[in-house]
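Each reported figure results from applying straightforward, stated rules to the coordinates on display, with no laboratory input. Please read all numbers here as calculations on a predicted model, not as lab measurements. Here the Cβ positions follow ideal geometry from the backbone for every residue, glycine too, while neighbour counts run over all protein chains shown.
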Amino acid sequence: MATVKFYGEESVPLEMHKVRIVQKLNLLPIDQRLKAISEAGNNTFLLQNADVFLDMLTDSGVNAMSDQQLAAMMVADDAYAGSATYTRLADKLHEIFGMDYFLPTHQGRACEHILAKVLVQPGTVVAMNYHFTTTKAHITLQGGVVEELVADAGLEVTSDLPFKGDIDIAKLEAVIKKYGADKIAFVRVESGTNLIGGQPVSLKNLADLRKVCSQHGILYVLDASLLADNLYFNKIREESCKNLSIREITRKVADLFDIIYFSARKLGCARGGGICIRDKELYFKMRGLVPLYEGFLTYGGMSVREMEALAVGLEETMDEDMISQGPQFIACMVNDLDKRGIPVITPPGGLGCHLDAKRFVDHIPQSQYPAGALASALYIVSGIRGMERGTLSEQREPDGSEVFANMELVRLALPRRVFTLSQVKYAVDRIAWLHENRRLIGGLEFIDEPPILRFFYGLLKPVSDWQEKLVAKFRADFGDSL
Ligand SMILES: *Cc1c(COP(=O)(O)O)cnc(C)c1O
């Protein structure tokens with residue numbers, strides 16, 4: 001995005017790219033939308049993409065690629081072992097992050113699998129700002145415990161705190177004291193905390209955490225999946241970064257860590273993942289698992305074409321015009337909704353706009369999954385697919401009791417370089433209508449509940465006939481309009 005001043009008009013984000021490939025979209029009539037979401041068990045993961053108008057489920061693997069990325073895919077070096085593509089990717093990561101060793105994986109969670117297998121044992125603890133679904137699942141599968149140490153203020157939904165992803169250093173010290181440093185498998189920082197609104201972590205906090213880890217000899221790990229947005233927020237919100245290039249900020253961040261892993265479905269606008277490691281011995285410990293679970297060491301389950309696209313995408317990530325597109329569109333959406341009194345997470349973060357279902361539908365108890373119900377209602381009235389990030393995304397306790405999430409969110413992801421501003425305005429308009437009619441929205445209950453990662457394929461139904469009533473009100477207000 002460029003920061004061009006507008007004459008006589010309110011400034012809007014100005015794209016520094018043009019669209020050269022398009023995909024046709026469908027907007028189904030509302031009765032067909034109701035049918036589609038019912039058949040999907042009110043689970044937006046189970047909708048067919050052909051039934052979705054604006055797909056705001058995720059930013060994973062759906063960011064728009066550049067012409068340069070597509071061109072690079074054509075010159076990929078297809079070899080099981082020793083591919084030149086691998087060397088180009090490893091060299092680019094070395095150039096950007098300055099770490100000597102790189103292990104490719106098929107996506108981000110595969111990195112978590114390998115890290116957990118090698119570093120986590122029963123009785124060990126992973127301290128982090130906030131968990132991500134697959135991260136926590138891998139750690140607990142190994143018998144480890146997750147301790148979330150984000151500062152309390154980071155969990156306040158409305159705020160003007162610039163870095164809500166920061167870890168509370170006092171909380172970390174208390175956890176080290178409680179378990180003993182030798183029981184802390186590693187400290188994990190997620191840059192751009194996914195589940196609490198894509199909120200960034202400050203360079204200052206990262207540096208302070210490094211000191212604590214060094215003092216206690218604890219391994220320090222960065223989940224860099226959402227690093228691109230975080231770098232942009234460092235640049236614009238942190239005084240010490242104002243005069244640094246994105247490449248310089250990246251290096252300042254990377255230099256603090258022992259391990260950096262990422263999902264290339266987000267970072268680098270491709271598909272895949274990888275682990276960058278500073279220490280040779282640690283590299284050897286993890287290396288053996290790559291051929292076992294992923295693929296040979298020079299592709300790790302990725303296609304060589306995606307690896308070429310990733311190498312180019314990582315270089316493009318060093319361009320402020322490129323990485324600002326997501327955060328600036330998100331800021332437009334969040335600020336517009338906020339102005340209309342609609343509860344959203346503030347300040348605007350990366351990744352997407354997050355509706356606060358706890359306030360949006362405050363009449364729905366957490367046991368009836370308010371965020372899931374809101375996501376279902378939004379699809380019905382707009383064809384927009386969002387993602388529940390609340391109690392449904394949690395796992396039950398071993399005794400079967402519910403874990404009520406700290407936040408009940410509907411995430412409306414804005415994949416990078418994909419949507420236009422008029423599509424964002426449509427989303428705001430339908431959300432505003434839904435907010436006015438929010439009392440019509442009711443809760444959900446399970447028909448079929450899988451024991452792990454239930455949000456991916458669980459089936460639910462409405463607790464009453466509220467969805468039919470919502471459709472009737474929509475018809476009364478919009479007539480035949482889609
Ligand atoms: C998406 C994501 C992951 C998992 O990556 P996948 O490629 O989807 O497996 C891990 N951590 C964070 C912060 C993410 O956003």
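Among M74, M128, the ranking by other beta carbons within 10 Å of each residue's beta carbon, starting with the fewest, stands as M74, M128.
To one decimal place, what orientation-averaged projected area in nm² is obtained for the convex hull of the Cα set of the chain? Spell out each step's value before the answer.
Details: hull surface 90.7 nm².
Over all viewing directions, the chain projects a mean Cα-hull area of 22.7 nm².
Starting with the highest mean, order 296-304, 397-405 by the number of other Cβ atoms within 10 Å, averaged over the residues of each peptide. Provide the component values of the computation, followed by the final result.
Numbers: 296-304: 21.0, 397-405: 10.4.
So the order, starting with the most tightly packed, is 296-304, 397-405.
Of the residues F419, I345, L161, the one whose Cα sits farthest towards the positive end of the charge dipole of the chain is F419 (charges of +1 on Lys and Arg Cβ, -1 on Asp and Glu Cβ, taken about the Cα centre). Charging the Cβ of each Asp and Glu at -1 and of each Lys and Arg at +1, and nothing else, the dipole of segment 67-319 about its Cα centre rounds to 480 debye. With the simple spin-label model, which puts each label point 7 Å out from Cα in the Cβ direction, the D429 to L297 separation comes to 5.7 nm. Would you work out which of Y261, A476, H435 lies farthest towards the positive end of the dipole of the chain? Charges go on Cβ: Lys and Arg +1, Asp and Glu -1. Of the options given, the answer is Y261. The magnitude of the dipole of segment 306-407, with charges of +1 and -1 set on the Cβ of Lys/Arg and Asp/Glu and taken from the Cα centre, is near 720 debye.
Arrange the peptides 412-419, 460-467 so that the one whose residues have, on average, the most other Cβ atoms within 10 Å appears first.
Ranked from most to least packed, the peptides come out as 412-419, 460-467.
For the chain, a simple Cβ point-charge model (Lys and Arg +1, Asp and Glu -1, everything else neutral) yields a dipole of about 120 debye relative to the Cα centre.
Applying 0.36 nm per residue to the separation of V403 and K35 and subtracting their alpha-carbon distance, the gain on full extension is 129.5 nm. Note on I452 and I236: their simple-model spin labels are 3.9 nm apart, each label 7 Å out from Cα toward Cβ. The H on the amide N of I275, modeled in the peptide plane, is under 5 Å from the matching H of L103, T105, each at least 5 residues off or on a different chain.
Spin-label model, L70/L421: points 7 Å from Cα along the beta carbon direction are separated by 2.5 nm.
Note on D100 and E9: the extension gain reaches 27.8 nm, defined as 0.36 nm multiplied by sequence separation minus the Cα-Cα distance.
Sorted ascending by nearby beta carbons within 10 Å, beginning with the fewest, F284, F132 become F284, F132.
With 28 Å as the limit on Cα-Cα distance, the pairs of K24/K358; K136/K266; K117/K204; K164/K266; K5/K242 that go past it are K24/K358; K117/K204. Packing-based ranking of 8-15, 24-31, 114-121 yields 114-121, 24-31, 8-15, ordered from highest to lowest mean Cβ neighbour count within 10 Å. Simple rule: put +1 on each Lys or Arg Cβ and -1 on each Asp or Glu Cβ in segment 67-319, find the dipole, and look at V150, V304, A174; the Cα lying farthest toward the positive end is A174. Listed by chain and number, the aspartates and glutamates placed with their C-alpha closer than 14 angstrom to that of K183 are E147, E173; residues fewer than eight positions away on the same chain are left out. Sorted ascending by nearby beta carbons within 10 Å, beginning with the fewest, R287, R33 become R287, R33. Dividing the Cα radius of gyration of segment 67-319 by 2.2 N^0.38 Å, with N the residue count, gives 0.97.
Which length gain, in nm to one decimal place, applies between D319 and M16 when the Cα-Cα distance is subtracted from 0.36 nm times their residue separation? Please report the intermediate quantities before stating the final value.
Values: separation 303, 0.36 × 303 = 109.08 nm, distance 1.09 nm.
Roughly 108.0 nm would be gained on extension.
With R₀ set to 25 Å, the beta-carbon distance separating D182 from F284 gives a calculated FRET efficiency near 0.70.
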